[in-house]
Amino acid sequence: MENGLLKCSLFRGMGQKEVGKISRQYGFENVSYPTGEIFAIKGARYSALMILTRGNIRAETTDRKDSTLKIERISAPSLITPSLLYSENAALPFNLTAKSPSTVVYIPKEQFTRLLMDERQVLENFLAVVSSPSRLASDHISYFAYKTIKGKLANYLLDVAKRSGSNVFTNPATQQQMADIFGVARPSLARAISEMAAEGTIYVKGKKTEILFPDKLEQYAKN
């Protein structure tokens, strides 16, 4: 286990003996999966940090037409959706499938929190990982499969509404963060938001968002 963890950015600057001691002290669990196994299901609560230490996995979900969307291929060593661990709505946004024999190390949230408090180097490494813009693709559902900006926006808003349990919610992302997630320019996203608001589909004031016409948003979500 230690050899795989040593290559992970979370333990950068640490030696094998130190990582081995940490893995035993904080209850790391090492689980192997065969090719083709779906080992995590969309919607499941993300209650333990997952670290891919061997193999390749793929994140997949389905759109509102029940078509499978291949979001991202993740290769070891890599942390899997690390920022989701401390998210208010810590539900996995996609299925995870082993595309080759793979090994995942699980660190329960409570144990990992203790580790961050006890080991400054791990804390600094974790903050560097979750602060990196390159993590966006792993931490959010990929919207690149949708052809239009309104389609991407509609899917995003419907997903946030579903997680919050209400059509009125506080948007957890800024417009720039949403534009980064969607892979579009911020002015183009702002224009799409304005158009959808003007036609009465949504109401937006600051970070407060209300879905006024869910059926219309569902139509956009199919594009």
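The figures follow:
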item	result
For the range 160-168, Karplus couplings with θ = phi - 60° (6.51, -1.76, 1.60), whole Hz, Gly/Pro x	5, 4, 5, 5, 7, x, 7, 7, 10
Within the chain, longest stretch clear of exposed GluC sites (Glu not before Pro) (DSSP loop, no more than 15 other Cβ within 10 Å)	89-198
Carbon/sulfur fraction of accessible area - the chain, other protein chains in place, 1.4 Å, %	49
Listed pairs Lys7/Lys162; Lys42/Lys222; Lys99/Lys222; Lys42/Lys109 exceeding 30 Å between Cα atoms	Lys7/Lys162
Relative contact order of the chain, defined on C-alpha pairs under 8 angstrom at six or more residues apart (%)	20
Helix-derived mean residue ellipticity, 222 nm - over the chain, DSSP H n ≥ 4, -39500 (n - 2.57), to 500	-11000 deg cm²/dmol
Efficiency of FRET from Cβ geometry, Ser166 and Glu110, R₀ 45 Å, rounded to 0.05	0.95
Per residue accessible area of the chain, 1.4 Å probe, in Å²	51
Size of electric dipole in the chain: Cβ of Lys, Arg +1 and of Asp, Glu -1, about Cα centre, debye, nearest 20	260
The chain shape via C-alpha gyration tensor axes, a/c threshold 1.5	prolate
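The values are calculated or read from the model by the stated rules, or taken from the named source; none is laboratory data. Please read these numbers as outputs of a predicted model, since none were measured by experiment. A quick note on method: Cβ atoms are made from the backbone with ideal geometry, for glycine too, and the neighbour counts reach across all protein chains shown. The accessibility values were calculated without ligands, DNA or RNA, using every heavy atom of the protein model including side chains. Shrake-Rupley method; radii C 1.70, N 1.55, O 1.52, S 1.80 Å.
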